[in-house]
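Quick note: the coordinates plus some simple rules give every number you see, no bench work behind them. Not measured: the values here are computed from a predicted model. All Cβ positions, even for glycine, are placed from backbone atoms using ideal geometry, and neighbour counts span all protein chains on display.
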Amino acid sequence: MVFGNLSTGLQIFEGSNDGSGTWSPDLTYTLVDTAVGKSLTEWYSYALYKVEFENGGEPEWRIHSEGAQGLLDDDGNDRFETLTYTHSQDSPKITLQDSDSEPFEGFAPYLATYTTEDEGKEALKNSIPVMGCRDQAASNYDYTATLDDGSCSYTEEGSNMMPLLIMGGIAAVVLLM
């Protein structure tokens, strides 16, 4: 029988039924590493699992995640300050726990598969956005930033120079014609 998670991270695998309705998948998960981060409005959590197959063969390394989650609650507060988000050690299951409620468990789909652990770890490291100023004209431009955080600042000197640079560029084009 073939079954699996048919959401964004398509996962189809074979399993067997022991007669009591319990399915036994043909693969084993081991949590290798996790990465978390947040932007101004979203929270990210990714897990890298080593996946070994019952029938042998080469293992795979898979990144599992639910993707970006809304960071702010209805009142504009960071909802992950009081929420614990845990990846299971032996399955791509996540547990959300708030101090005021019962835990919620669910499975996170996988987003990508890698053939080596090093490739998986590199991809995991790059999956979390690096927040910073992405505007090259800003005085605090961060070339390592992958997502703008609204922190860009501009010096008055730099803003006064812009009209001169534009006029100089126009003059250079006119002279070349």
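General observations
- Once the chain from residue 54 to residue 73 is taken as fully extended at 0.36 nm per residue, the excess over their C-alpha distance is 2.6 nm.
- Restricting the chymotrypsin sites (Phe, Trp or Tyr not before Pro) of region 44-144 to loop positions (DSSP other than H, G, I, E, B) with no more than 12 neighbouring Cβ atoms within 10 Å leaves 143.
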